[in-house]
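Asks: What follows is a single structure, and I will ask about it in a moment.
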Amino acid sequence: MQRHDNHAYAPHFVKPKDEGWLLVLGETETREVVAMKRVTCSRNKRSMSVSVAFFAPELPCKVIYTLFIMSDSYLGLDQQYDIRLEVIPALESTAAVNGDINDDAQFM
């Protein structure tokens, strides 16, 4: 099995530079950045999964976010994916969980 080396080819750097990626989630119509995350590659893994947390719109709607994946080491590796989301209204039970606690509640 071949070992994956995550050092970028950067002969002008004094020290070795690791490959890194910048994930940007945004809405292209409003030019708004919704979330951003910097990711470095693991030395022993060829693939990995990453989660990006963001706040969805408060009102029910359909929205198209664009995920930009950009390399911080190489030109021409950038990728772009459209993510279509449909925001639905919250259920009544979830509103009770996030709401105020009754004064009658007793804690130990």
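Asks: Of everything in the stretch 49-87, what is modelled with pLDDT of 90 or more and under 17 Å from D18 (Cβ atoms)? Give them in sequence order.
Replies: Matches in the stretch 49-87: I69, M70.
Asks: Something else now. Identify all residues within the stretch 14-48 that are loosely packed, with under 11 Cβ neighbours inside 10 Å and either aliphatic (A, V, I, L, M) or at pLDDT below 70 (or both); write none if there are none.
Replies: Matches in the stretch 14-48: V14, N44, K45, R46, M48.
Asks: Still on this structure, please answer the following. Does D82 meet the test of being among the charged types (D, E, K, R), under 19 Å from the mean Cα position of the chain (by Cα) and more than 18 Å from E29 (Cβ to Cβ)? Before the answer, list the steps.
Replies: Details: among the charged types (D, E, K, R): yes; under 19 Å from the mean Cα position of the chain (by Cα): yes; more than 18 Å from E29 (Cβ to Cβ): no.
No; evaluated as a whole, the condition is false for this residue.
Asks: Only one of (1) over 19 Å from T30 (Cα atoms); (2) more than 15 Å from the chain's Cα centre (by Cα) fails for S71. Which number is that?
Replies: All conditions pass for S71, except number (2).
Asks: Collect the residues in the stretch 44-82 that are of a type outside the set (D, E) and in contact (Cβ under 8 Å) with a residue 40 or more places away in the chain, keeping them in residue-number order.
Replies: Taking the stretch 44-82 and keeping what is of a type outside the set (D, E), we get 44-57, 59-71, 73-77, 79-81.
Result: N44, K45, R46, Y65, T66, L67, F68, I69, M70, S71, S73, Y74.
The values are calculated or read from the model by the stated rules, or taken from the named source; none is laboratory data. The model shown is predicted, which means the values in this text are computed figures rather than measured ones. When we count neighbours, we look across all protein chains shown, and the Cβ atoms used for this are built from the backbone with ideal geometry, even at glycine.
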